[in-house]
1. Looking at the protein assembly as shown, what % of its DSSP beta bridges pair antiparallel, to the nearest 5?
2. Note down, for the range B:146-266, the three equivalent ellipsoid semi-axes (square root of 5 times each alpha carbon gyration tensor eigenvalue), biggest first, whole angstrom.
3. Just from the alpha-carbon atoms, what are the Rg and Dmax of the range B:12-90 in angstroms?
4. Can you tell me the relative contact order of the range B:44-118? Whole percent, Cα pairs under 8 Å, sequence separation 6 or more.
5. Order of B:208-219, B:171-182 by packing, highest average Cβ count within 10 Å first?
6. Can you give the relative contact order of the range B:95-242 as a percent, counting alpha carbon pairs under 8 Å and 6+ residues apart?
7. Would you work out the relative contact order for chain B, in percent, from Cα pairs under 8 angstrom that are 6 or more residues apart?
8. Take the Cα gyration tensor of the range B:45-126, multiply each eigenvalue by 5, square-root it, and list the three semi-axes largest first, rounded to whole angstrom.
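Nothing in this text is a laboratory measurement; each read-out follows from the coordinates by a stated rule. Please read these numbers as outputs of a predicted model, since none were measured by experiment. With ideal geometry, Cβ positions are generated from the backbone for all residues, glycine too; neighbour counts draw on all protein chains shown.
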Amino acid sequence: MRDVLEAIQKWRKEGKRVALATVVKAEGSAPRREGARLAISEDGEMAGSVSGGCVETDVMYQALDVLKSGEPRLLRYAITDDMVWEVGLACGGTIEVWVEPLPEASAEPEFPQEEKP
Amino acid sequence: MTEVSPRQIQTQLEQAVAEGRMVAQATLLRGPGRAGTRMLVWPSGQQTGSLGHPELDRRVVADALEMMKRPRAESREYSEFDARVFVEVFPPPPHLVIFGGVHIAIPLTTFAKTLGYRVTIADPRRKFANRERFPHADEIIPEWPQKAVERIEIGPTTYIVILTHDPKIDEPALKAVLGKGAGYVGAIGSRKTHAERFERMAKHGIDPAQLAEVYAPIGLDLGAETPEEIALAIMAEIVAVRHGASAGFMRDKNPRPVAFDSGSGG
């Protein structure tokens, strides 16, 4: 999350909507584990990653759809013999990716903060 | 509890992550409420938002608090609620504390920042500890070690490196940080230097068991020669210690015949 936060905040400043893709399940030798994130702007810009680079393009197109519909979706990528040359994972394994439209964050807190240090 | 908007949850989450405060986020992937509903859980046990069912909330809060002890992310099934929830803990970033603003500390700070560490430089010599040399450090403390440690919170995610080569600074620094539960303490110097240091400090009543835990000579065996390479060897050692890894060649781990290794790469 921390690694994509800067890009998210930059895109928001530019008035762009943002979708966030998160690995919520990783099995086998998947290259990135649970919590790995790819942020996508409405212009198709990307920050971060959810795999070694093999499914990001597909996730990006799905994310643009999610921004259009406003509905989150769960994607599943698994390596299969006929997928190896398409969107299969170069490292093998199976991943599930949750893609959601990101709500805007307010610049200033407009409510009491919990757990202030 | 009062209604919390997705926007408020997002704002609180981003602020906590940016400020390095511990928080957990739970996202409903499937269940009683609307998919995508999120809830934050704070170390105090307080929650912000709801997943749509008070009993499910209670269960998830308890699990999130447990997960904070060993921060991670995972999808969890709650079959009584026909719910699937992705819970992720966002711990404070690891903290690298460098005693000695020497040449090696400059590339070491660069590596640590790239890896997401907060970096503090402590050195009483202002010629070494200054913003011109360390524009990329989070904090510079131009104080003697005894004084500097008063401003540093030491815990399992604190990684401490002692680099001055000067016993006047190195030894008080070791004395100040040992036994405080740091995740790693490493000190520069040859095997001989460290043996002499060890002997002197043991004479001054420092527990030899604590001294034995110091990584010295410091760094992985990369054949490092330049300050940059030495910094890389130190950083790599810290990463290995943090993950409890053996730091050998990947190739030599679980060796298997290359011909059958069809799924490698990436």
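1. Among the beta bridges of the protein assembly as shown, antiparallel pairing accounts for roughly 70 percent.
2. They are 33, 16, 14 Å, listed from largest to smallest.
3. Reported Rg and Dmax, both Å: 11.5, 36.
4. Result for the range B:44-118 is 21 percent.
5. B:171-182, B:208-219
6. Relative contact order for the range B:95-242 comes out at 24 percent.
7. The value is 12 percent.
8. 42, 12, 8
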